[in-house]
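A.B. asks: Got a structure here, written out as structure tokens. Questions coming.
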Amino acid sequence: MVRRSRVDQGDARNTGGGLSLWRRILLRLSPRSDLAGGYIERHPSPGELTPGRFLAVRSGGIEKSACFRCPGGCGQKIMRALSPRRKPYWTVFFDWRGRPTVSPSVRQTNACVCHFWIKRGSVEWCRDTPKRSAER
Ligand SMILES: [Zn+2]
């Protein structure tokens, strides 16, 4: 019988339980974040762009684009330009926990038709977003 070496699935659970008290307190104190991530040097592969990830492509010190999955329920990849030479373009700021703040707001024109701001990793829905997507 051939045994395949694979990562022990228990690992993920063990780390969860092994969170230090200090870290748990910090996580409890800070507001829940929908999105977190950081800078990456090239465009993320679909596998890297998991729900809840927010990645900003920066190469040669120049911010290119921001990539994340639509928080409105469809999970579609959203990409926005970060270069001032593009019109329109967005600005992204990450806090110490990698929670992004994006300006201006993001509007999805696909089936989701959602419209939101991202502030410190939290998705704040605009009034013109249909209830359907906000309920989720
Ligand atoms: Zn969507």
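A.B. asks: If you go through the range 80-89 one residue at a time, how many are within 16 Å of the ligand (Cβ to nearest atom) and surrounded by fewer than 13 Cβ atoms within 10 Å (Cβ to Cβ)?
C.D. replies: Of the residues in the range 80-89, the ones within 16 Å of the ligand (Cβ to nearest atom) are 80.
Pick out the ones that are also surrounded by fewer than 13 Cβ atoms within 10 Å (Cβ to Cβ) and you get none.
The total comes to 0.
A.B. asks: Could you tell me whether any residue of the range 90-109 is surrounded by fewer than 18 Cβ atoms within 10 Å (Cβ to Cβ), within 16 Å of the ligand (Cβ to nearest atom) and touching a residue at least 24 places away in the same chain (Cβ under 8 Å)? Reasoning before the result, please.
C.D. replies: Narrowing the range 90-109 to residues surrounded by fewer than 18 Cβ atoms within 10 Å (Cβ to Cβ): 91, 93-98, 101, 103-105, 107, 109.
Now narrow it down to the ones that are within 16 Å of the ligand (Cβ to nearest atom): 105, 107, 109.
From the residues that got through so far, the ones that are touching a residue at least 24 places away in the same chain (Cβ under 8 Å) too are none.
Within the range 90-109 (the criterion being surrounded by fewer than 18 Cβ atoms within 10 Å (Cβ to Cβ), within 16 Å of the ligand (Cβ to nearest atom) and touching a residue at least 24 places away in the same chain (Cβ under 8 Å)), the answer is no, since none of the residues qualifies.
A.B. asks: Okay, next question. Checking the conditions here, which among CYS70, CYS74 is buried (at least 18 other Cβ atoms within 10 Å of the Cβ) and either among the aromatic types (Phe, Trp, Tyr) or within 15 Å of the ligand (Cβ to nearest atom) (or both)? Please lay out each step first, then the result.
C.D. replies: On the way: CYS74 fails: buried (at least 18 other Cβ atoms within 10 Å of the Cβ).
Criteria check complete, one pass: CYS70.
A.B. asks: Condition first: outside any loop (DSSP other than H, G, I, E, B), modelled with pLDDT under 95 and among the charged types (D, E, K, R). Can you find one or more residues in the range 76-99 that meet it?
C.D. replies: Looking for residues that are outside any loop (DSSP other than H, G, I, E, B), modelled with pLDDT under 95 and among the charged types (D, E, K, R), one finds at least one in the range 76-99, hence yes.
The values are calculated or read from the model by the stated rules, or taken from the named source; none is laboratory data. Values in this document were obtained by computation on a predicted structure and should not be read as measured data. For neighbour counting, all protein chains shown are included, and Cβ atoms are generated from backbone atoms with ideal geometry for every residue, glycine included.
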